[in-house]
Each structure stands twice: as structure tokens, then as C-alpha cells.
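> Input: one structure, supplied below.
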Amino acid sequence: QVQLVESGGGLVQAGGSLRLSCAASGSISSIDAMGWYRQAPGKQRELVATITSGGRINYADSVKGRFTISRDNAKNTVYLQMSSLKPDDTGVYYCNGVIKPLPWLPSRDYWGQGTQVTVSS
């Protein structure tokens, strides 16, 4: 069983910063990529940022220059440093991992439970 546990959400004023963390645990053979998605009220879940095991990074255009994703492979943990936050960044942030649970099984998506980020104007 693979689990992703997020932490670090909260309420912050516009222009402020927050740091999210997500640790993967359980039966893990390898991790192909980890990342963050978010869902605002009434909207679909959208990609925020992803990072592969090799360090390749992808950001949504809306967060480029403000958010930084990083990863500690030894700890199976991914971080999202969010700066210059805007009210439009408000939503539930979900951690995602593309993980191979056992060597003979294919990689698949796993999701955390989500953490609320609220940016007040």
C-alpha cells in the first residue's frame, strides 16, 4: 500500500509565501515522478508543477517564477515553495506520485488527501 501525506497548507495574505511537503511511504519499488495539482471551487483539478526522478521539471504558466518544486529522492518527498501568492492560487492542493509499488507491477498514479491553501486579498 502506497500513501502520500501532504502538509503545509494554510491561510496567507496575498504576496505571502507557503511551503508544501508531501512524503510517499509504504510499498515503493521506484518513483517515476512526483508533483502538485490544485483544484479551486467549481473548477477542474489542474497541474501546478511536476518533477521526475531525473530532475526534469514542468510548471503551469500561471505559477512560473513564483513557485519552486523540489524533491528529496532519499526521503521520497516532494516540496512546493510558493511565493508571491495571489487569491487565484486558492484551492485544495493535491500531491501526486507516479509510483511502481513492486518491481513486477506497472507504475500508476497515487494521490494524497489534499491540503487547503487560502490566499486572502
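The values are calculated or read from the model by the stated rules, or taken from the named source; none is laboratory data. These figures come from a predicted structure and were not determined experimentally. Neighbour counts run over all protein chains shown; Cβ positions are idealised from the backbone, glycine included. We work out accessible area using only protein heavy atoms, side chains counted, and drop any ligands, DNA or RNA first. Shrake-Rupley method; radii C 1.70, N 1.55, O 1.52, S 1.80 Å.
> Rg to Rh ratio, the range 2-49, alpha-carbon atoms and Kirkwood radius?
On the Cα set of the range 2-49, Rg over Rh gives 1.03.
> Also, quick follow-up: As a test, work out the antiparallel percent of DSSP beta bridges whose residues both lie in the chain, rounded to the nearest 5.
Percent antiparallel among DSSP bridges in the chain is about 90.
> Can you tell me, using C-alpha contacts under 8 Å and at least 6 residues apart, the relative contact order of the chain as a whole percent?
Relative CO of the chain lands at 37 percent.
> Moving to a separate point now. How much length is gained on full extension from residue 72 to residue 58, taking 0.36 nm per residue of separation minus their Cα-Cα distance?
Full-extension gain reported as 3.4 nm.
> Hey, what's the range 1-47 come to in accessible area per residue, 1.4 Å probe, Å²?
55
> Hey, another quick one. Assuming 0.36 nm per residue, please report the length gained on full extension of the stretch residue 19 to residue 121 beyond their Cα-Cα distance.
34.8 nm
> Enter the accessible area per residue of the range 55-121 (Å², integer; probe 1.4 Å; all protein chains in place).
About 53 Å² of surface per residue is accessible.
> Across all directions of projection, what mean area in square nanometres is found for the Cα convex hull of the range 29-121?
One quarter of the hull surface, i.e. the mean projection, equals 6.5 nm².
> If you count only protein heavy atoms and use a 1.4 Å probe, how large is the accessible surface of residue 68, to the nearest 10 Å²?
80
> At a 1.4 Å probe radius, carbon and sulfur cover how many percent of the accessible area of the range 6-121?
Answer for the range 6-121: carbon and sulfur cover 49 percent of the accessible area.
> Using a 10 angstrom Cβ neighbour count of at most 14 plus a DSSP loop assignment to flag exposed trypsin sites (Lys or Arg not before Pro), which longest range of the chain is free of such sites?
65-121
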